[in-house]
Each structure stands twice: as structure tokens, then as C-alpha cells.
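Values quoted throughout were computed directly from the atomic coordinates according to the rules given, and no laboratory measurement underlies them. Since this is a predicted model, take the numbers as computed values, not measurements. Here the Cβ positions follow ideal geometry from the backbone for every residue, glycine too, while neighbour counts run over all protein chains shown.
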Amino acid sequence: MGVTANSWGVKKMKTKWGSCSTDVKRIWLNLELAKKTPECLECKLVHELVHLRERRHNERFKAFIDTHQPD
Ligand SMILES: [Zn+2]
């Protein structure tokens, strides 16, 4: 995808499937994703990685998602 997270981790999260701190390039994934399918986990990981290129959920963000995850 052309981006690299400086660090990432898994933790219990109450309201989100994941989060991305773009300033320090850190990604957190919700531990509950372990109960989901690999495709679901990949979807959330791609979502958070795309935030390293675009912070907001705008058209540019959606275009990156479509590029990296056409389905
Ligand atoms: Zn997001």
C-alpha cells in the first residue's frame, strides 16, 4: 500500500474496531476482531492503514479503499 506504521497493537476497545494516530503512525486493532473472519480483519487493517495517507473519511479516502480493497 506504500505506507508503513511505526507501531501497532491489539487491545480491548469499547466503541471502535480500530484506530490510527497519524502523527505517530500507530495503529490499534480491537481484540474482538479475533472472533471475526480474516477478511473482516483485513478490511479493518486496510481501513486504518489508509488513514496514514488520508485522515478523513472523504472521497480521497474512499478512492484509496477502492484501490486496495476493490471488493
Ligand atoms: Zn476511519
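Partners of K12 within straight-line reach, counting lysines whose Cα lies under 19 Å from its Cα and excluding those fewer than 8 residues away in the same chain: K35, K36, K44.
Simple spin-label estimate for D66 and C40 gives 2.7 nm between the two label positions (7 Å along the Cα-to-Cβ direction from each Cα). Summing Lys and Arg as +1 and Asp and Glu as -1 over all other residues whose Cβ lies under 9 Å from the Cβ of C20 gives a net charge of +2.
Pairwise Cα distances in the chain exceed 20 Å for 26 percent of all pairs. Summing charges over all other residues whose Cβ lies under 10 Å from the Cβ of A5, with Lys and Arg as +1 and Asp and Glu as -1, gives +1.
Short-range pairs are left out: with C-alpha atoms under 8 Å and at least six residues apart, the relative contact order of the chain is 29 percent.
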